[in-house]
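Just so it is clear, none of the values below were taken in a lab; they were calculated from the coordinates. These numbers were taken from a predicted model, which means no experiment stands behind them. In this analysis, Cβ positions are derived from the backbone assuming ideal geometry, glycine residues included, and neighbour counts consider all displayed protein chains.
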Amino acid sequence: MLLWHTLAAYFRRKYGYRVQKIPLDANASCPNRDGTLNTHGCVFCNTKGAGSGLAEKGISLESQWKYWQHKYLTTDANRAFMAYLQSFSNTYCTAEHLAQLLQRISALPNCMGISIGTRPDCLDSRKLELIASLPLPEVWLELGLQSCHETTLTRINRHHSAACAEQTIHSAASYGIKICGHLMAGLPDEDEQMFQESVLWAVSLPIAGIKLHNVYVPEGSTLGKQYLQKKYLPLSSDEYVNMLCNALPHIPSSIVMHRLTGDPSPQELLAPAWAANKRALITEIHRAMSARKLWQGCKADVPEKRPLWYGG
Ligand code: SF4
């Protein structure tokens, strides 16, 4: 019995079949890395920018798509696919470049959607128009928000404000684009109350989805150095589970929880080790929510009982 509105449930309810996101590396860059804003990047990011590095190796988007599609179809032929531009900031380019990139993605065989990961300060009305006019049934914009607290945004070296994030979310929503906001738990110098405030802030905005995860420490990041110098201590698994048990009840049932776990590369993960075991973490979140008789939205729009369409 699922206790929150998963992305799988959203797709199943809307289309009646499973949709697999395929991560694509489009060789994007980031203004927080190339010197436009800064060269160090966010403290939790390393030079790979959460990417596979496949584009740098000369592997085209089309080849990446073909490889992953084939791999997934061997385990389950009954699924559709959408592209996920995950690495770096995928709208940090000219509108012309973005138009070409989106055209290539729309032309990928059996591609029914796209999810575009980027920063709130890398979008303008021309780019939003391009995204909104994509001829695909599923179009999502994944925005790194991380926190509503300016002190934290400065501390983690984001180089954009919460006001900038709010403005971009309102603009994108006015174009009818679905937004998934990313927030992190356990950011440096943040306590649980600050995390809960960020969650409430995010759900007060016109977003359709949220991705939550604990901060993990990748090798080669600024946070990695701070961790090795014992200046940063990651959350324990119990602390993170507890934070989710307190946050999910306040998130309205309509908001799709794209993920509750991070996706660290096992080769790069310095800490915490438990972040690598996503399945165990999801099981533990379910167990803790169930023991406390909680579900997403039980303190928001669905206090009586868990919506059946959460599934499970
Ligand atoms: S905005 Fe994204 S890609 Fe850029 S430095 Fe921060 S985490 Fe890395």
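Taking the Kirkwood radius as Rh and the Cα radius of gyration as Rg, region 1-73 has a ratio of Rg/Rh equal to 1.12.
When every alpha-carbon pair in region 1-140 is counted, what percent end up more than 25 Å apart? Roughly 32 percent, once rounded to a whole number.
Here the chain has an Rg and Dmax of 18.7, 53 Å, counting Cα atoms alone.
Every Cα-Cα pair in region 179-268 was counted, and those over 21 Å apart are 33% of them. Applying 1/(1 + (r/R0)^6) with R0 = 22 Å to the Cβ-Cβ distance of His170 and Tyr72 gives a FRET efficiency near 0.05.
What percentage of all Cα-Cα pairs in region 157-227 are separated by more than 14 Å? Don't jump to the answer; show the numbers that get you there.
Numbers: 1653 of 2485 pairs.
Counting pairs separated by more than 14 Å, the tail of P(r) holds 67 percent.
Greater than 29 Å separation of Cα atoms is the criterion. Which listed pairs, Lys230/Lys278; Lys57/Lys231; Lys21/Lys230; Lys178/Lys299; Lys71/Lys305; Lys71/Lys230, meet it? Show your work: numbers first, answer last.
Details: Lys230/Lys278 25 Å; Lys57/Lys231 35 Å; Lys21/Lys230 36 Å; Lys178/Lys299 24 Å; Lys71/Lys305 39 Å; Lys71/Lys230 41 Å.
From the list (Lys230/Lys278; Lys57/Lys231; Lys21/Lys230; Lys178/Lys299; Lys71/Lys305; Lys71/Lys230), the Cα-Cα distance tops 29 Å for Lys57/Lys231; Lys21/Lys230; Lys71/Lys305; Lys71/Lys230.
Taking the DSSP beta bridges with both ends in region 7-310, the antiparallel portion is around 10 percent. Principal axis analysis of the Cα atoms in region 109-252 yields extents of 49, 34, 34 Å, listed in decreasing size.
Go ahead and estimate [θ] at 222 nm for the chain from helices alone: -39,500 (n - 2.57) per DSSP H run with n ≥ 4, summed, over the residue count, rounded to 500.
Roughly -10500 deg cm²/dmol at 222 nm, from the helical runs in the chain.
May I ask you to sort His5, His213, His286, His40 by Cβ crowding, counting other Cβ atoms within 10 Å and putting the fewest first? Write down the numbers at each step before the final one.
Working: His5 28, His213 21, His286 17, His40 13.
Ascending Cβ contact count within 10 Å gives the list His40, His286, His213, His5.
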